[in-house]
Each structure stands twice: as C-alpha cells, then as structure tokens.
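The values are calculated or read from the model by the stated rules, or taken from the named source; none is laboratory data. Please read all numbers here as calculations on a predicted model, not as lab measurements. Cβ placement follows ideal geometry from the backbone for every residue including glycine, while neighbour counts extend to all protein chains displayed. Surface areas here come from the heavy atoms of the whole protein model, side chains and all, with no ligands, DNA or RNA. Shrake-Rupley method; radii C 1.70, N 1.55, O 1.52, S 1.80 Å.
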Amino acid sequence: MSKLGNLGARLHRGEISYDFVGKRKIWYGVSILITITAIVGLAVRGLNMGIEFQGGAVFTTPTKMSTSVAKAEEYANDASGHQAVVQKLGNGSLRIQIAGIDTGQSDRIKQELAKDLNLDPEKLAADLVGPSWGEQIANKAWEGLAIFMVLVVIYLAIAFEWRMAIAALVALIHDITITTGIYALVGFEVTPGTVIGLLTILGYSLYDTVVVFDSLKEQTKDITKQTRWTYSDIANRSINGTLVRSINTTVVALLPVAGLLFIGGGFLGAGTLNDISLSLFVGLAAGAYSSIFIATPLVADLKEREPAMKALTKRVLAKRAQAGSDEEVVEARTAGADTDDDAAPAVVGPRNQPSSRGRGRGRPSGKRR
C-alpha cells in the first residue's frame, strides 16, 4: 500500500488525527481575513465585466495576421477612445473587443481599424452586442444562483438537518466571495464562461461538504447514549476519515484546470480560456478548504449549543476527569509500592535464627565421654 493510502487508512480508523474542529477559531480567522481582502478588492477595483454584459462591438480579422496583439490594441484604442481587449485566436486571426459603443460608432471604428490594419473593410467582421442583452444574461445568472442556493438549503435540511444546511450555505457564499474577489484583484474579464465556472465550482464544493456531512450523520446516531465522545470529537473524526478522499478528489479536478489556466491561457496565450479556468481553479481550491475548515467546524459549533449536547459534553468531560484521577491514584500506589520494596533489606534464610558460628562455644572439643 502507498504511503498516502496507508495514511488514509489510519485516518479512517482513527489511529491518527488532526484537531481541525479544536482549532476552528484559527480557520475562521483565516477565512475572515481572505474574505475581507476579496470584498476590498471588489469595492476598490470592481469586476472587469466583459462585452457580453456591457454591450459593444467585436471585430474579427482574417486569418494569419502579421499585426501583433499590442499593435492592434493600440489601433483600437486610438480609433474608439475606449479601452480595447485584443486576443489572438488559434487560427491566427485577431479578436478585438470594444465595450460601450453603439451602431454608429461601430461603423466608424470599423473603417479606421481596416485602414490601420491594411484590410478591406468587408473582410473585417463586426458583431454588435447590445447592453440590454448583457443585462438579461446578468439577471439570469443571479436568478440561477439564487435558485441553486435555495434548492441546496432545502435538500440539506431534509437529508440532514437545518444546521448543516446553514453551514453549507455559509461555505458556498465564502467560496463565491473569494472567487469573485480574486477576479477583481487579477483583473480578468468576466464573461458568461465565468458564470458557468462559478456554478460548476459550487457543485464541487457542495460534493465535498456532503461527503463529510454524511459520515458525520452516520457516526452521531444515538450519540447521547454514550459518554466517550462529544459531538466535536466525532465531527473531527469525520473530517479526518474523509480527508484523503477530499484531497484526492480536489487534486484530480485541479490538474486539468491548471493545465487550461497556466499552459493554455498563460504559456500558449489562449486568452479565451482564462475566464472559465480561473474561476474553476480558485473555486475548487476554496471549496475544498471550506468543506474541511469551515462547514464541519461550524456545524459542530451550532450543535454544541443544544441542551442535549451541552449535557453530553459535561458527562464526557466528567468521565475523562474521573478516569484521569483514577490513573493518578494507580500510578501513585505503584510508585509507593516500588519505593517500599527498594527500602526493605534483603533477608536470606529464616529471621531470628542464630548463627551457626556460635554453636558449641565453651564446649570441649572431641567426643563426650
């Protein structure tokens, strides 16, 4: 068995464990710090909304253009007076996006761009995107997100309990906030692909959370009938038991996404992959973190507030304290017995028996006549 497989088996059996729940205040603090950073990024820089949301024009050149991306971006900025986004497509053509222009401006910009690029205006394809269409996409995205959240809460409340539903909802909001904050800080363009990526990572995050919750639900059946473990103890065992599985699932999902982001978007320059790959990469990592460090510890916090769980915790702690006292008494008695044995003299032969050397003193030697 591999080292990772052996580690997973030992974690599952409870032979070794890490106290995730006991150190939950540290994880809460880290999440709050990251979330505040993301919110500040959103407030200061804002999201770089794509042309699909703002409206504008998209110009596509013929294949095998000799003009560089930087030069084409300079031409587009001068012709439109707006910040243009230029991407080189796989077939060698250039895709020029200019947001915030209408039909009249589009025709004029097309003529100037064709002249600067030494092209026939008829060969420069132009597509106009109205702002109302982008607004409809944004509204549909928010509606889909709201419906998804409501369905998640209803499902978890029925399948598990309302505390787990609240914890899962907090974890999902945590993942969305961090992902959108990273988009604001990095400055990547937000497109419909980004929205698809966000909805996808919510599913991955929810999957990891439900796996831990299912293990927790199974192990906490009739929990009040025993006095060995508290709810937090069992929650921690559930996290450790599914830890390797969550790590393996996340790594396997992150590898192809990392290929899209760093190789496809970064090394090969396929900028059209950046929008969906960044949301998937950040969201998958944040989802794995929240399912381990946020959702389950939060459930433990909520459950420990119940009167029955408070009473269970008191009984468990009292039993552990009593067990500790008994062990100390046994150790003290054992130590005392060892000390008495060391102090006692060694006795050889029966006590109070006279020595053989004194026998026959004062008697004449020889046989008695």
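Assorted remarks:
- Within region 221-239, considering residues that are touching a helix residue (DSSP H, G or I) at 6+ places or on another chain (Cβ under 6 Å) and in a loop (DSSP other than H, G, I, E, B), the one modelled with the highest pLDDT: Thr230
- Taking the conditions (1) closer than 20 Å to Gly187 by Cα; (2) of a type outside the set (A, V, I, L, M, F, W, C); (3) in contact with a strand residue (DSSP E or B) (Cβ under 7 Å, 6 or more places away or on another chain) in turn, Ser93 satisfies each one other than (1).
- Condition met for Thr63 (more than 25 Å from Glu135 (Cα to Cα), open to solvent by 70 Å² or more (accessible area, probe 1.4 Å) and not in a helix (DSSP H, G or I)): yes
- Among the residues of region 180-203, not one is at pLDDT below 80, touching a strand residue (DSSP E or B) at 6+ places or on another chain (Cβ under 8 Å) and closer than 14 Å to Ala141 by Cα.
- In the set (1) farther than 17 Å from Ala288 by Cα; (2) surrounded by fewer than 22 Cβ atoms within 10 Å (Cβ to Cβ), Leu199 fails one condition alone, (1).
- Hits in region 103-130 (condition: among the β-branched types (Val, Ile, Thr) and either open to solvent by 30 Å² or more (accessible area, probe 1.4 Å) or not in a helix (DSSP H, G or I) (or both)): Thr103, Val129
- Every pair of residues 6+ apart whose Cβ atoms lie under 6 Å, when the first sits in region 240-264 and is in a helix (DSSP H, G or I) while the second is open to solvent by 70 Å² or more (accessible area, probe 1.4 Å): Asn240/Ser17; Gly241/His12
- From the list Phe293, Phe281, Phe262, the one residue that fits, being of a type in the set (Phe, Trp, Tyr) and either exposed (fewer than 10 other Cβ atoms within 10 Å of the Cβ) or modelled with pLDDT under 85 (or both), is Phe262.
- Of all residue pairs spaced 6 or more apart or on separate chains, those with beta-carbon atoms under 7 Å, a first member in region 206-222 that is closer than 14 Å to Arg245 by Cα and surrounded by fewer than 23 Cβ atoms within 10 Å (Cβ to Cβ) and a second member that is of a type outside the set (Gly, Ala, Ser) and modelled with pLDDT under 90 are Val211/Thr242; Val211/Arg245; Ser215/Thr242.
- Single match in Arg305, Arg351, Arg320 (criterion: open to solvent by 50 Å² or more (accessible area, probe 1.4 Å) and either among the hydroxyl-bearing types (Ser, Thr, Tyr) or at pLDDT 90 or above (or both)): Arg305
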